[in-house]
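The values are calculated or read from the model by the stated rules, or taken from the named source; none is laboratory data. Just so you know, these numbers come straight off a predicted model, no measurement behind them. Every residue, glycine as well, gets a Cβ built from its backbone with ideal geometry; the counts of neighbours run over all protein chains shown.
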Amino acid sequence: MSNETDLVRRDEGTLAERDTPARRAALVPAVDIVEDKTGVTVWADLPGVPKDKLDVKVHDGRLSIEAEACVPTPAGLNVTHVEVRAPRYERAFSISSDLDTSRVDASLQDGVLTLRIPRREAALPRRIEVKAG
Amino acid sequence: MSDLFFGNFGTDLFREFDRLQQQMSVLTAGRPLSLRASPGVFPPINIGSTDDSIEIVVFAPGIDPAALDVSIDKGLLTIAGERKRPEGAVHEDARSYARERFAGAFRRVVELPSTANPDDVQAKYNDGCLSIRIGKHESSKPRSITVQ
């Protein structure tokens, strides 16, 4: 194991660069994911993203979040200290089949995207009644 | 990061954290962090300047702007606040798979140049971004001088 390893690899401010030139650099937004018996809730930090620049797509068991932040800045701005380098956010998750992707509920408030993916009716936990005799 | 999983835990892990600490302090050098600043650099800040103002953008989603504490004292701009976890996250029978978002109290301090005028400050909170505009003293704005 080498001591020269570049440790700061994956955190909120890291750029996720792709090989294909068509993809621009994007940040990976921080998420909180919680599951209870009715479904999964995801909170994602997307500061500076208005509703019209947010794209949440569900396809083939894959949930993807793509967003672009725009912070209005005055003309002639000379940026001296940058901790958030790119305005694009991208993250994708695979969704297991017991979640109902047709009933995803998404809301964006103050830069926080809240996604609620309920479980399919058939996958909800249920008690089985045992008949005597 | 993958090297951490295959190396020995114990001393190697702590050495990597020390190096991370050093790298973070290099990145934030020149900006005085208050003693009580939170370790994980939340919220991130971008700083820029124009001819007549200093613009600071703080990326802090999910915060109530009324609870944010923005103040200037002796040339230091302090942004402090607290972010709580959303209610659904702290349920008893809920399982948490990821907890990457910062929660808790935070404080960031930015040193303002002497050209900044602390009486001319505007702050706006939009879509999770706090934009602070600090005007510069009139006398420090660039001006051209006509030669007769």
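Before moving on, here are some points about what is shown:
- Scanning segment A:79-105 for residues that are outside any strand (DSSP E or B) and either aromatic (Phe, Trp, Tyr) or over 30 Å from B:Ser49 (Cβ atoms) (or both) yields A:Ile95, A:Ser96, A:Ser97, A:Asp98, A:Asp100, A:Thr101, A:Ser102, A:Arg103, A:Val104.
One line per residue, one yes/no per condition, for (1) within 23 Å of A:Pro29 (Cβ to Cβ); (2) within 12 Å of chain A (Cβ to nearest Cβ); (3) of a type outside the set (D, E, K, R); (4) without any contact (Cβ under 8 Å) to a residue 12 or more places away in the chain:
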residue: B:Gly48; (1), (2), (3), (4): yes, yes, yes, yes
residue: B:Asp69; (1), (2), (3), (4): no, no, no, no
residue: B:Gly75; (1), (2), (3), (4): no, no, yes, no
residue: B:Arg85; (1), (2), (3), (4): yes, yes, no, no
residue: B:Arg99; (1), (2), (3), (4): yes, yes, no, yes
residue: B:Val109; (1), (2), (3), (4): no, no, yes, no
residue: B:Lys124; (1), (2), (3), (4): yes, yes, no, yes
residue: B:Ser144; (1), (2), (3), (4): no, no, yes, yes
residue: B:Gln148; (1), (2), (3), (4): no, no, yes, yes
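- Among the residues of segment A:44-64, those that are in a strand (DSSP E or B) and surrounded by fewer than 23 Cβ atoms within 10 Å (Cβ to Cβ) comprise A:Leu54, A:Asp55, A:Val56, A:Lys57, A:Val58, A:His59, A:Arg62, A:Leu63, A:Ser64.
- Of all residue pairs spaced 6 or more apart or on separate chains, those with beta-carbon atoms under 6 Å, a first member in segment A:67-91 that is more than 7 Å from every other protein chain (Cβ to nearest Cβ) and a second member that is at pLDDT below 85 and in a loop (DSSP other than H, G, I, E, B) are A:Ala86/A:Ala25.
- For segment A:69-87, the criterion of being under 12 Å from the mean Cα position of the chain (by Cα) and crowded, with 21+ Cβ neighbours inside 10 Å is met by no residue.
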